[in-house]
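Read the figures in this text as sums done on the coordinates, not as results from a lab. In this text the structure is predicted, and so the values were computed from the model without any measurement. So basically every Cβ, Gly included, is an ideal-geometry build from the backbone, and we count neighbours across all protein chains shown.
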Amino acid sequence: MANLNSARLYVVARPALDEAEIARFLDDEGTEWRRTSSAQQAEELIELAGRLCYFSFGKRQSPRDASAYIRRLVDAGHHSVLEHAAWSFVLTGVSRGFSHQMVRHRIGFSYSQLSQQYHDEREALAVVPPAIEGNPELVVTWHEAVEQARMAYRTLLDTMERATQEPLRGEQLRLVRTAARSVLPAATETKICFTANARAIRHFLAERGNLEGDEEMRVVSALLFRAMKREAPLLVPDFEERTGTDALPLVVQVPIP
Ligand SMILES: Cc1cc2nc3c(=O)[nH]c(=O)nc-3n(C[C@H](O)[C@H](O)[C@H](O)COP(=O)(O)OP(=O)(O)OC[C@H]3O[C@@H](n4cnc5c(N)ncnc54)[C@H](O)[C@@H]3O)c2cc1C
């Protein structure tokens, strides 16, 4: 059994600047770009793309620093510039029910998810919702239901595998696993690799981070927000993490003075 503490987010790829190419571009254009030493590469990538739109390099560089510049882009609604910076994440320890909601985010997200057609789910974990975990009676009911489903899955697979003389392969294997998975619960643990750009991540946090009734979504939003705070804080200055009345995190969008 897993719970929401089992959710893990790994940042497996991030934007990287090519300094030689940036220097070549600035040199070819006969201009210069005063850089913000504290800015992350992803932030500078967005600053560079934004400045290109207005050619605000050299004498025309205003605002001077990355923080104020990105802030101006966001305030002006020039959000397409945020699409240049993208990260790849691996998310594990979440339920299939959650991932079904997550993949509804179509724009600026790309997904690769553990397949229940190719992967044998006999030993798959199940993620218990906190609303159930806190109540011993409910946990028993939940656990029994999950175990029953898992046993049915195993029986279905075993029976269909025994029905053939040779070990199942390829499309035959897919066929029996696809049939058997139909009894697996929405709580079944899944793993998903996703790539998302900064604009899409901000949209996700704004839409999903503060839904009191969606515990798993809030936990994942908090993991994503914390990753972004480490990776590119200038891209999420208007979000903050709070703790809900249920002690789980909330990610809230707040106006910046
Ligand atoms: C509180 C809540 C309840 C929900 N309940 C349900 C439910 O009962 N049933 C259900 O099926 N889903 C439900 N959803 C999912 C929701 O409908 C969205 O599919 C999901 O949240 C992804 O949001 P999105 O479309 O903004 O994101 P994305 O798909 O990433 O799109 C990002 C933005 O791009 C623009 N965009 C994307 N596609 C189009 C388009 N075709 N035309 C015009 N503009 C577009 C929109 O501005 C959109 O906000 C719910 C979501 C929330 C937050």
Fill in the blank from the handout: Taking Cα atoms, the helix 215-231 axis meets the longest principal axis of the chain at an angle in degrees (rounded to 10) of 30
Problem - 0 to 90° range, to nearest 10: angle between helix 66-76 axis and the chain longest Cα axis - result: 70
Problem - Value of relative contact order over segment 157-257, rounded to a whole percent, pairs C-alpha under 8 Å and six or more apart - result: 21
Completion exercise
Expressed to two decimals, segment 42-144 has a Cα Rg over Rh, using the Kirkwood radius, of 1.23
Fill in the blank from the handout: Classified through the alpha carbon gyration tensor (a ≥ b ≥ c as square roots of its eigenvalues; rounded if a/c is under 1.5, else prolate when a/b is larger than b/c, else oblate), segment 97-153 comes out oblate
Handout entry: Mean-position separation - Cα centroids, segment 192-225 and segment 127-176, in angstrom
Key = 29
Handout entry: Relative contact order %, the chain, counting alpha carbon pairs below 8 Å whose residues are six or more apart
Key = 26
Handout entry: Mean separation of Cα contacts under 8 Å (6+ apart) over length of segment 16-163, as relative contact order %
Key = 16
Completion exercise
The FRET efficiency for VAL103 and VAL140, from their Cβ-Cβ distance with R0 = 35 Å and rounded to 0.05, is 0.65
Completion exercise
Computed ³J(HN,Hα) along segment 111-123: with the Karplus parameters 6.51/-1.76/1.60, θ = phi - 60°, integer Hz and x for glycine or proline, the list is 10, 9, 10, 3, 8, 7, 7, 9, 9, 6, 9, 4, 9
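Which shape class applies to segment 5-77: rounded if a/c is under 1.5, otherwise prolate when a/b exceeds b/c and oblate if not, where a ≥ b ≥ c are the square roots of the Cα gyration tensor eigenvalues?
Oblate shape, in that a/c is at least 1.5 and b/c is the bigger or equal ratio.
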Practice task
Starting with the highest mean, order 59-69, 26-36 by the number of other Cβ atoms within 10 Å, averaged over the residues of each peptide.
Solution key: 59-69, 26-36
Completion exercise
Where a ≥ b ≥ c are root eigenvalues of the Cα gyration tensor, a/c under 1.5 meaning rounded, otherwise prolate if a/b exceeds b/c and oblate otherwise, segment 48-89 counts as prolate
Exercise for the section: Take segment 129-257, compute every pairwise Cα distance, and split them into 5 Å bins from 0; I just need the percent in each bin. Expected result: 2, 9, 14, 13, 12, 11, 10, 11, 8, 5, 3, 1, 0, 0, 0
Practice task
Would you pull out the residues with amide H under 5 Å of ALA126's amide H, same chain only if 5 or more places away, H placed 1.01 Å from N?
Solution key: ALA2, GLU189
Handout entry: Ellipticity estimate at 222 nm from DSSP helix runs (n ≥ 4, -39,500 (n - 2.57)) divided over the chain, nearest 500
Key = -13500 deg cm²/dmol
Fill in the blank from the handout: GNM of the chain, Cα pairs under 10 angstrom: of GLU43, GLU216, GLU133, the biggest fluctuation goes to GLU133
Fill in the blank from the handout: GNM of the chain, Cα pairs under 10 angstrom: of ALA227, ALA187, ALA179, the biggest fluctuation goes to ALA179
Completion exercise
Sorted largest first, the Cα spans of the chain on the principal axes come out in Å as 76, 48, 24
